[in-house]
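Reviewing the structure listed below.
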Amino acid sequence: MAGGPRTQVRDPRSRTHRPTARRSYQVRSPSIKAYLSRMEVQVTDRRRLPVLLVAVLSTFTAQQVLTPVLAPLAREIGLTEVALGSVVTVAAVVFAGTALLWGKAVDRFGRRPVLLLGMALALIGLSGFAVVSQLTIVEALDTTSAYVLILATRSILFGAGLGAVPVAAIALIAASTEGDADRTRGIGQIGAAQGLALVLGPALGGLLSVAGLLGPIWLAPALLLVMLVVVAVLLPREPARAAAPDTERPPALRPWDGRLWPVLAAGFLLYLALALLQIVLGFLLQDRLELDSASTVAATGTVFVVCGVVLILVQGVVVPRLRWPAARLLRVGAPIALAGTLALLPANALWAVVAAMGLLAVGLGLAMPGFATAPTLLVGPEEQGGVAGLVQAVTGLTFVIGPIAGTGLYELLHQAPVVAAAIACAAATVFVLLHPALRAAPRRAVTTVGS
(Lines give C-alpha, C1' and ligand atoms only; values in the text may rest on other atoms or scores of the structure.)
Protein backbone atom coordinates (compact mmCIF):
# COMPACT_ATOMS: atom_id res chain seq x y z
CA MET A 1 0.00 0.00 0.00
CA ALA A 2 3.01 2.24 0.16
CA GLY A 3 2.76 2.83 -3.57
CA GLY A 4 -0.79 4.20 -3.36
CA PRO A 5 0.11 7.78 -2.52
CA ARG A 6 2.82 7.84 -5.19
CA THR A 7 0.31 6.69 -7.82
CA GLN A 8 -2.10 9.50 -6.85
CA VAL A 9 0.64 12.11 -7.01
CA ARG A 10 1.78 10.96 -10.43
CA ASP A 11 -1.68 10.45 -11.88
CA PRO A 12 -1.90 12.93 -14.80
CA ARG A 13 -5.66 13.15 -14.36
CA SER A 14 -5.21 14.46 -10.84
CA ARG A 15 -5.21 18.21 -11.67
CA THR A 16 -7.40 19.50 -8.89
CA HIS A 17 -4.46 21.24 -7.25
CA ARG A 18 -3.78 23.34 -10.35
CA PRO A 19 -6.95 25.43 -10.50
CA THR A 20 -6.73 25.89 -6.75
CA ALA A 21 -3.13 27.03 -7.02
CA ARG A 22 -3.98 29.37 -9.92
CA ARG A 23 -6.88 30.93 -8.04
CA SER A 24 -4.71 31.30 -4.97
CA TYR A 25 -1.97 32.93 -7.06
CA GLN A 26 -4.40 35.44 -8.48
CA VAL A 27 -5.84 36.37 -5.13
CA ARG A 28 -2.55 36.49 -3.28
CA SER A 29 -0.47 38.30 -5.92
CA PRO A 30 -1.16 42.03 -5.63
CA SER A 31 1.99 42.71 -7.66
CA ILE A 32 0.38 41.09 -10.71
CA LYS A 33 -2.77 43.13 -10.20
CA ALA A 34 -0.71 46.29 -9.84
CA TYR A 35 1.20 45.44 -13.00
CA LEU A 36 -1.99 44.88 -15.01
CA SER A 37 -3.42 48.10 -13.58
CA ARG A 38 -0.32 50.02 -14.60
CA MET A 39 -0.50 48.54 -18.09
CA GLU A 40 -4.11 49.69 -18.39
CA VAL A 41 -3.16 53.18 -17.21
CA GLN A 42 -0.25 53.31 -19.66
CA VAL A 43 -2.53 52.41 -22.57
CA THR A 44 -4.89 55.20 -21.52
CA ASP A 45 -1.97 57.61 -21.14
CA ARG A 46 -0.73 56.82 -24.64
CA ARG A 47 -4.16 57.81 -25.93
CA ARG A 48 -4.39 60.85 -23.67
CA LEU A 49 -1.05 62.58 -24.23
CA PRO A 50 -1.41 63.22 -28.01
CA VAL A 51 -4.86 64.74 -27.40
CA LEU A 52 -3.48 66.97 -24.65
CA LEU A 53 -0.71 68.11 -26.98
CA VAL A 54 -3.32 68.95 -29.64
CA ALA A 55 -5.32 70.96 -27.09
CA VAL A 56 -2.31 72.96 -25.90
CA LEU A 57 -0.85 73.45 -29.39
CA SER A 58 -4.12 74.60 -30.95
CA THR A 59 -5.05 77.01 -28.16
CA PHE A 60 -1.65 78.68 -27.97
CA THR A 61 -1.33 78.71 -31.77
CA ALA A 62 -4.67 80.53 -31.95
CA GLN A 63 -3.20 83.12 -29.59
CA GLN A 64 0.04 83.48 -31.54
CA VAL A 65 -1.68 83.69 -34.94
CA LEU A 66 -2.73 87.20 -33.95
CA THR A 67 0.80 88.38 -33.16
CA PRO A 68 1.72 89.76 -36.61
CA VAL A 69 -1.54 91.71 -37.00
CA LEU A 70 -2.10 93.24 -33.55
CA ALA A 71 0.06 96.32 -34.14
CA PRO A 72 -1.29 97.16 -37.63
CA LEU A 73 -4.83 96.39 -36.46
CA ALA A 74 -4.41 98.85 -33.59
CA ARG A 75 -3.33 101.54 -36.05
CA GLU A 76 -6.20 100.68 -38.39
CA ILE A 77 -8.90 101.07 -35.74
CA GLY A 78 -7.28 104.02 -33.97
CA LEU A 79 -5.87 102.41 -30.80
CA THR A 80 -2.71 103.89 -29.33
CA GLU A 81 0.37 101.84 -28.44
CA VAL A 82 -0.50 102.22 -24.77
CA ALA A 83 -4.04 100.94 -25.38
CA LEU A 84 -2.72 97.91 -27.24
CA GLY A 85 -0.22 97.27 -24.45
CA SER A 86 -3.02 97.38 -21.91
CA VAL A 87 -4.92 94.71 -23.89
CA VAL A 88 -1.93 92.37 -23.58
CA THR A 89 -1.28 93.26 -19.93
CA VAL A 90 -4.89 92.71 -18.86
CA ALA A 91 -4.87 89.33 -20.62
CA ALA A 92 -1.73 88.35 -18.69
CA VAL A 93 -3.29 89.47 -15.40
CA VAL A 94 -6.43 87.45 -16.11
CA PHE A 95 -4.34 84.43 -17.14
CA ALA A 96 -2.37 84.55 -13.89
CA GLY A 97 -5.37 85.25 -11.67
CA THR A 98 -7.69 82.62 -13.08
CA ALA A 99 -4.99 79.91 -13.10
CA LEU A 100 -5.43 79.55 -9.33
CA LEU A 101 -9.21 79.25 -9.73
CA TRP A 102 -8.83 76.70 -12.52
CA GLY A 103 -6.52 74.68 -10.28
CA LYS A 104 -9.22 74.47 -7.61
CA ALA A 105 -11.82 73.61 -10.24
CA VAL A 106 -9.65 70.77 -11.54
CA ASP A 107 -9.40 69.22 -8.08
CA ARG A 108 -13.13 69.56 -7.51
CA PHE A 109 -14.76 68.86 -10.89
CA GLY A 110 -12.12 66.95 -12.84
CA ARG A 111 -9.50 67.74 -15.45
CA ARG A 112 -11.34 66.92 -18.68
CA PRO A 113 -14.31 69.25 -17.98
CA VAL A 114 -11.97 72.13 -17.09
CA LEU A 115 -9.89 71.61 -20.23
CA LEU A 116 -12.96 71.65 -22.48
CA LEU A 117 -14.48 74.62 -20.67
CA GLY A 118 -11.25 76.56 -21.03
CA MET A 119 -11.06 75.89 -24.76
CA ALA A 120 -14.71 76.89 -25.13
CA LEU A 121 -14.15 80.18 -23.29
CA ALA A 122 -11.10 80.88 -25.44
CA LEU A 123 -13.19 80.19 -28.54
CA ILE A 124 -15.92 82.60 -27.41
CA GLY A 125 -13.31 85.27 -26.64
CA LEU A 126 -11.55 84.99 -30.01
CA SER A 127 -14.85 84.88 -31.90
CA GLY A 128 -15.98 88.04 -30.11
CA PHE A 129 -12.66 89.70 -30.87
CA ALA A 130 -13.05 88.86 -34.57
CA VAL A 131 -16.56 90.31 -34.69
CA VAL A 132 -15.45 93.50 -32.92
CA SER A 133 -12.49 93.90 -35.27
CA GLN A 134 -14.68 93.39 -38.33
CA LEU A 135 -17.28 95.91 -37.16
CA THR A 136 -14.66 98.50 -36.24
CA ILE A 137 -12.82 98.25 -39.57
CA VAL A 138 -16.10 98.90 -41.45
CA GLU A 139 -16.73 101.80 -39.03
CA ALA A 140 -19.79 100.26 -37.43
CA LEU A 141 -18.12 100.74 -34.01
CA ASP A 142 -16.27 103.74 -32.68
CA THR A 143 -12.76 103.38 -31.27
CA THR A 144 -13.75 103.70 -27.61
CA SER A 145 -16.45 101.04 -27.85
CA ALA A 146 -14.06 98.80 -29.77
CA TYR A 147 -11.40 99.16 -27.08
CA VAL A 148 -13.83 98.20 -24.30
CA LEU A 149 -15.14 95.21 -26.25
CA ILE A 150 -11.61 94.06 -27.14
CA LEU A 151 -10.72 94.13 -23.45
CA ALA A 152 -13.81 92.03 -22.70
CA THR A 153 -13.23 89.48 -25.45
CA ARG A 154 -9.50 89.23 -26.26
CA SER A 155 -8.24 90.05 -22.76
CA ILE A 156 -10.78 88.74 -20.24
CA LEU A 157 -12.66 85.87 -21.92
CA PHE A 158 -9.74 84.56 -23.95
CA GLY A 159 -7.23 85.15 -21.14
CA ALA A 160 -9.39 83.19 -18.69
CA GLY A 161 -9.93 80.32 -21.13
CA LEU A 162 -6.26 80.17 -22.07
CA GLY A 163 -5.31 79.87 -18.39
CA ALA A 164 -7.37 76.70 -17.98
CA VAL A 165 -5.71 74.71 -20.77
CA PRO A 166 -2.16 74.21 -19.39
CA VAL A 167 -3.49 73.83 -15.85
CA ALA A 168 -5.78 70.96 -16.83
CA ALA A 169 -3.18 69.39 -19.15
CA ILE A 170 -0.42 69.39 -16.52
CA ALA A 171 -2.83 68.10 -13.86
CA LEU A 172 -3.87 65.24 -16.17
CA ILE A 173 -0.26 64.22 -16.73
CA ALA A 174 0.59 64.55 -13.04
CA ALA A 175 -2.38 62.43 -12.02
CA SER A 176 -1.56 59.65 -14.49
CA THR A 177 2.19 59.34 -13.82
CA GLU A 178 4.14 58.37 -10.72
CA GLY A 179 7.83 58.49 -11.56
CA ASP A 180 9.86 61.66 -11.88
CA ALA A 181 11.18 60.79 -15.35
CA ASP A 182 7.79 59.87 -16.86
CA ARG A 183 6.12 62.97 -15.45
CA THR A 184 8.95 65.24 -16.57
CA ARG A 185 8.82 63.76 -20.07
CA GLY A 186 5.07 64.36 -20.37
CA ILE A 187 5.19 67.90 -19.00
CA GLY A 188 8.21 68.61 -21.18
CA GLN A 189 6.19 67.69 -24.25
CA ILE A 190 3.45 70.09 -23.13
CA GLY A 191 6.13 72.79 -22.99
CA ALA A 192 7.35 71.76 -26.44
CA ALA A 193 3.81 72.18 -27.78
CA GLN A 194 3.73 75.72 -26.39
CA GLY A 195 7.11 76.39 -27.98
CA LEU A 196 5.90 75.06 -31.33
CA ALA A 197 2.93 77.43 -31.10
CA LEU A 198 5.37 80.35 -30.75
CA VAL A 199 6.82 79.41 -34.14
CA LEU A 200 3.75 78.08 -35.95
CA GLY A 201 1.28 80.79 -34.90
CA PRO A 202 3.14 83.89 -36.16
CA ALA A 203 4.08 82.03 -39.36
CA LEU A 204 0.41 81.23 -40.11
CA GLY A 205 -0.64 84.75 -39.17
CA GLY A 206 2.00 86.27 -41.42
CA LEU A 207 0.97 84.12 -44.37
CA LEU A 208 -2.73 84.90 -44.02
CA SER A 209 -2.13 88.61 -43.40
CA VAL A 210 -1.26 88.89 -47.09
CA ALA A 211 -5.00 88.59 -47.74
CA GLY A 212 -5.77 91.33 -45.19
CA LEU A 213 -5.81 91.97 -41.46
CA LEU A 214 -8.99 89.98 -40.90
CA GLY A 215 -7.59 86.71 -42.28
CA PRO A 216 -5.59 85.70 -39.18
CA ILE A 217 -8.24 87.19 -36.89
CA TRP A 218 -10.91 84.84 -38.24
CA LEU A 219 -8.51 81.90 -38.58
CA ALA A 220 -7.85 81.84 -34.82
CA PRO A 221 -11.43 80.99 -33.69
CA ALA A 222 -11.98 78.69 -36.69
CA LEU A 223 -8.89 76.67 -35.74
CA LEU A 224 -9.94 76.52 -32.12
CA LEU A 225 -13.48 75.40 -32.98
CA VAL A 226 -12.21 72.44 -34.99
CA MET A 227 -9.70 71.43 -32.33
CA LEU A 228 -12.28 71.74 -29.54
CA VAL A 229 -14.47 69.18 -31.31
CA VAL A 230 -11.45 66.89 -31.87
CA VAL A 231 -10.41 67.04 -28.22
CA ALA A 232 -13.96 66.51 -26.95
CA VAL A 233 -14.30 63.37 -29.09
CA LEU A 234 -10.86 61.85 -28.59
CA LEU A 235 -9.89 62.70 -25.00
CA PRO A 236 -10.70 59.64 -22.82
CA ARG A 237 -13.14 60.29 -20.03
CA GLU A 238 -11.85 60.10 -16.49
CA PRO A 239 -13.24 57.49 -14.09
CA ALA A 240 -16.13 58.80 -12.05
CA ARG A 241 -15.04 59.79 -8.60
CA ALA A 242 -17.07 60.60 -5.55
CA ALA A 243 -16.90 64.19 -4.42
CA ALA A 244 -15.12 64.51 -1.12
CA PRO A 245 -16.92 66.38 1.66
CA ASP A 246 -15.65 69.89 2.27
CA THR A 247 -14.21 68.78 5.60
CA GLU A 248 -12.03 66.17 3.84
CA ARG A 249 -10.67 68.42 1.10
CA PRO A 250 -7.08 69.55 1.60
CA PRO A 251 -6.55 73.24 2.36
CA ALA A 252 -5.97 75.48 -0.63
CA LEU A 253 -2.33 75.63 -1.71
CA ARG A 254 -0.51 78.92 -1.27
CA PRO A 255 2.68 80.14 -2.97
CA TRP A 256 4.41 80.30 0.41
CA ASP A 257 3.68 76.63 1.17
CA GLY A 258 6.91 75.28 2.63
CA ARG A 259 7.00 72.41 0.15
CA LEU A 260 6.57 74.59 -2.91
CA TRP A 261 8.00 78.07 -2.52
CA PRO A 262 11.66 77.19 -3.31
CA VAL A 263 10.68 75.71 -6.68
CA LEU A 264 8.18 78.49 -7.42
CA ALA A 265 10.79 81.15 -6.60
CA ALA A 266 13.35 79.58 -8.94
CA GLY A 267 10.82 79.30 -11.76
CA PHE A 268 9.65 82.87 -11.22
CA LEU A 269 13.19 84.23 -11.58
CA LEU A 270 13.88 82.27 -14.78
CA TYR A 271 10.60 83.21 -16.43
CA LEU A 272 11.09 86.83 -15.35
CA ALA A 273 14.41 86.92 -17.20
CA LEU A 274 12.63 85.75 -20.37
CA ALA A 275 9.80 88.27 -19.96
CA LEU A 276 12.25 91.14 -19.45
CA LEU A 277 14.07 90.34 -22.69
CA GLN A 278 11.14 89.43 -24.94
CA ILE A 279 9.53 92.84 -24.79
CA VAL A 280 12.70 94.82 -25.54
CA LEU A 281 14.40 92.52 -28.04
CA GLY A 282 13.12 94.44 -31.06
CA PHE A 283 14.29 97.76 -29.60
CA LEU A 284 17.64 96.23 -28.71
CA LEU A 285 18.20 94.88 -32.22
CA GLN A 286 17.15 98.11 -33.90
CA ASP A 287 19.37 100.29 -31.70
CA ARG A 288 22.45 98.05 -31.56
CA LEU A 289 22.46 97.08 -35.22
CA GLU A 290 21.07 100.43 -36.50
CA LEU A 291 18.28 98.78 -38.48
CA ASP A 292 15.25 100.29 -40.17
CA SER A 293 11.75 99.11 -39.27
CA ALA A 294 11.50 96.39 -41.92
CA SER A 295 14.91 94.97 -41.08
CA THR A 296 14.08 95.06 -37.39
CA VAL A 297 10.94 92.98 -37.96
CA ALA A 298 12.93 90.43 -39.97
CA ALA A 299 15.77 90.24 -37.42
CA THR A 300 13.39 89.95 -34.47
CA GLY A 301 11.45 87.22 -36.24
CA THR A 302 14.66 85.33 -36.91
CA VAL A 303 15.65 85.40 -33.25
CA PHE A 304 12.22 84.28 -32.06
CA VAL A 305 12.05 81.46 -34.61
CA VAL A 306 15.46 80.15 -33.54
CA CYS A 307 14.48 80.34 -29.86
CA GLY A 308 11.20 78.58 -30.55
CA VAL A 309 12.87 75.77 -32.46
CA VAL A 310 15.46 75.33 -29.69
CA LEU A 311 12.73 75.20 -27.03
CA ILE A 312 10.83 72.59 -29.04
CA LEU A 313 13.88 70.38 -29.51
CA VAL A 314 15.09 70.62 -25.92
CA GLN A 315 11.70 70.08 -24.27
CA GLY A 316 10.28 67.66 -26.80
CA VAL A 317 13.38 65.58 -27.64
CA VAL A 318 16.31 66.18 -25.30
CA VAL A 319 14.48 66.19 -21.95
CA PRO A 320 12.57 62.93 -22.63
CA ARG A 321 15.80 61.20 -23.64
CA LEU A 322 17.79 62.48 -20.66
CA ARG A 323 15.20 61.21 -18.14
CA TRP A 324 16.74 63.47 -15.49
CA PRO A 325 14.94 64.25 -12.24
CA ALA A 326 13.17 67.59 -12.16
CA ALA A 327 15.62 69.11 -9.67
CA ARG A 328 18.59 68.21 -11.86
CA LEU A 329 16.97 69.86 -14.87
CA LEU A 330 16.68 73.05 -12.82
CA ARG A 331 20.26 72.83 -11.57
CA VAL A 332 21.65 72.35 -15.08
CA GLY A 333 19.26 74.66 -16.93
CA ALA A 334 19.61 77.75 -14.74
CA PRO A 335 23.41 78.18 -15.21
CA ILE A 336 23.04 77.73 -18.99
CA ALA A 337 20.32 80.40 -19.03
CA LEU A 338 22.65 82.67 -17.05
CA ALA A 339 25.39 82.11 -19.64
CA GLY A 340 22.93 83.12 -22.38
CA THR A 341 22.00 86.41 -20.71
CA LEU A 342 25.67 87.23 -20.08
CA ALA A 343 26.49 86.51 -23.73
CA LEU A 344 23.76 88.95 -24.77
CA LEU A 345 25.41 91.88 -22.96
CA PRO A 346 28.22 92.44 -25.52
CA ALA A 347 26.36 91.04 -28.56
CA ASN A 348 26.51 93.65 -31.37
CA ALA A 349 25.83 91.48 -34.42
CA LEU A 350 22.75 89.49 -35.40
CA TRP A 351 24.57 86.17 -35.21
CA ALA A 352 25.76 87.01 -31.69
CA VAL A 353 22.26 87.92 -30.54
CA VAL A 354 20.88 84.72 -32.10
CA ALA A 355 23.58 82.64 -30.39
CA ALA A 356 23.02 84.29 -26.99
CA MET A 357 19.24 83.93 -27.14
CA GLY A 358 19.61 80.37 -28.42
CA LEU A 359 21.78 79.53 -25.42
CA LEU A 360 19.19 81.12 -23.14
CA ALA A 361 16.55 78.96 -24.84
CA VAL A 362 18.61 75.81 -24.17
CA GLY A 363 18.81 76.67 -20.47
CA LEU A 364 15.13 77.52 -20.20
CA GLY A 365 14.19 74.46 -22.25
CA LEU A 366 15.85 72.30 -19.61
CA ALA A 367 14.67 74.26 -16.59
CA MET A 368 11.03 74.81 -17.58
CA PRO A 369 9.98 71.13 -17.43
CA GLY A 370 11.83 70.84 -14.12
CA PHE A 371 9.97 73.84 -12.74
CA ALA A 372 6.59 72.54 -13.93
CA THR A 373 7.22 68.98 -12.69
CA ALA A 374 8.94 69.44 -9.33
CA PRO A 375 5.91 70.91 -7.48
CA THR A 376 3.68 68.04 -8.67
CA LEU A 377 6.05 65.58 -6.99
CA LEU A 378 5.74 67.38 -3.67
CA VAL A 379 1.97 67.10 -3.20
CA GLY A 380 -0.62 64.34 -3.18
CA PRO A 381 -3.01 63.41 -6.01
CA GLU A 382 -5.83 65.47 -4.52
CA GLU A 383 -3.73 68.64 -4.86
CA GLN A 384 -2.46 68.25 -8.44
CA GLY A 385 -4.93 70.75 -9.87
CA GLY A 386 -4.04 73.32 -7.25
CA VAL A 387 -0.32 72.99 -7.81
CA ALA A 388 -0.73 73.19 -11.60
CA GLY A 389 -2.70 76.40 -11.08
CA LEU A 390 0.07 77.83 -8.91
CA VAL A 391 2.72 77.03 -11.51
CA GLN A 392 0.73 78.74 -14.27
CA ALA A 393 -0.06 81.72 -12.02
CA VAL A 394 3.64 82.24 -11.32
CA THR A 395 4.39 82.01 -15.04
CA GLY A 396 1.64 84.48 -15.91
CA LEU A 397 2.75 86.92 -13.20
CA THR A 398 6.20 87.25 -14.78
CA PHE A 399 4.58 88.33 -18.05
CA VAL A 400 2.66 91.00 -16.17
CA ILE A 401 5.78 92.38 -14.46
CA GLY A 402 8.32 91.71 -17.22
CA PRO A 403 6.96 93.92 -20.04
CA ILE A 404 6.41 96.90 -17.75
CA ALA A 405 9.76 96.54 -16.01
CA GLY A 406 11.63 95.75 -19.23
CA THR A 407 10.41 98.78 -21.16
CA GLY A 408 10.89 101.04 -18.15
CA LEU A 409 14.45 99.86 -17.65
CA TYR A 410 15.20 100.20 -21.36
CA GLU A 411 14.19 103.84 -21.31
CA LEU A 412 16.66 104.44 -18.47
CA LEU A 413 19.55 102.50 -20.02
CA HIS A 414 19.53 100.19 -23.02
CA GLN A 415 21.59 97.54 -21.23
CA ALA A 416 19.46 97.64 -18.08
CA PRO A 417 16.89 94.93 -19.01
CA VAL A 418 19.68 92.55 -20.04
CA VAL A 419 21.52 93.20 -16.76
CA ALA A 420 18.29 92.64 -14.82
CA ALA A 421 17.68 89.36 -16.69
CA ALA A 422 21.23 88.23 -15.90
CA ILE A 423 20.73 89.08 -12.22
CA ALA A 424 17.48 87.08 -12.18
CA CYS A 425 19.19 84.06 -13.77
CA ALA A 426 22.16 84.38 -11.38
CA ALA A 427 19.82 84.46 -8.38
CA ALA A 428 17.96 81.41 -9.72
CA THR A 429 21.26 79.58 -10.28
CA VAL A 430 22.51 80.22 -6.75
CA PHE A 431 19.11 79.27 -5.37
CA VAL A 432 18.77 75.94 -7.19
CA LEU A 433 22.36 74.94 -6.43
CA LEU A 434 22.33 75.78 -2.73
CA HIS A 435 18.80 75.48 -1.38
CA PRO A 436 18.36 72.16 0.49
CA ALA A 437 14.84 71.61 -0.84
CA LEU A 438 16.11 71.62 -4.42
CA ARG A 439 19.16 69.50 -3.67
CA ALA A 440 17.03 66.80 -2.07
CA ALA A 441 13.86 66.93 -4.16
CA PRO A 442 11.76 63.74 -3.97
CA ARG A 443 11.42 61.47 -7.00
CA ARG A 444 7.76 60.70 -6.55
CA ALA A 445 4.68 62.35 -5.20
CA VAL A 446 4.05 62.31 -1.47
CA THR A 447 0.79 62.66 0.33
CA THR A 448 1.98 64.11 3.59
CA VAL A 449 1.88 67.84 4.13
CA GLY A 450 5.29 69.34 4.66
CA SER A 451 6.10 72.39 6.67
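The values are calculated or read from the model by the stated rules, or taken from the named source; none is laboratory data. Note that the structure is a prediction, hence the values are computed from the model and not measured. All Cβ positions, even for glycine, are placed from backbone atoms using ideal geometry, and neighbour counts span all protein chains on display. With ligands, DNA and RNA removed, areas are computed over all heavy atoms of the protein, side chains included. Shrake-Rupley method; radii C 1.70, N 1.55, O 1.52, S 1.80 Å.
The table that follows gives values for the structure above.
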read-out	value
Filtered residues of region 52-80 (kept if over 11 Å from Q194 (Cα atoms), of a type in the set (V, I, T) and part of a helix (DSSP H, G or I))	V65, T67, V69, I77
Enumeration of residues in region 113-151 that are over 17 Å from L224 (Cβ atoms), in contact (Cβ under 8 Å) with a residue 24 or more places away in the chain and buried (at least 16 other Cβ atoms within 10 Å of the Cβ)	T136, I137, A146, Y147, I150, L151
Options V332, V318, V353; residue that is modelled with pLDDT of 90 or more, in a helix (DSSP H, G or I) and open to solvent by less than 40 Å² (accessible area, probe 1.4 Å)	V353
Condition broken by V449, with the remaining ones in (1) among the aliphatic types (A, V, I, L, M); (2) at pLDDT below 75; (3) within 23 Å of the chain's Cα centre (by Cα) satisfied	(3)
Scope region 283-299; condition open to solvent by 20 Å² or more (accessible area, probe 1.4 Å) and not aliphatic (A, V, I, L, M); matching residues	F283, Q286, D287, R288, E290, D292, S293, S295
Boolean, A197 is in contact (Cβ under 8 Å) with a residue 12 or more places away in the chain, in contact with a Ser or Thr (Cβ under 6 Å, 6 or more places away or on another chain) and open to solvent by less than 30 Å² (accessible area, probe 1.4 Å)	yes
Residue check for T184: of a type in the set (S, T, N, Q), over 27 Å from T300 (Cβ atoms) and open to solvent by less than 10 Å² (accessible area, probe 1.4 Å)	yes
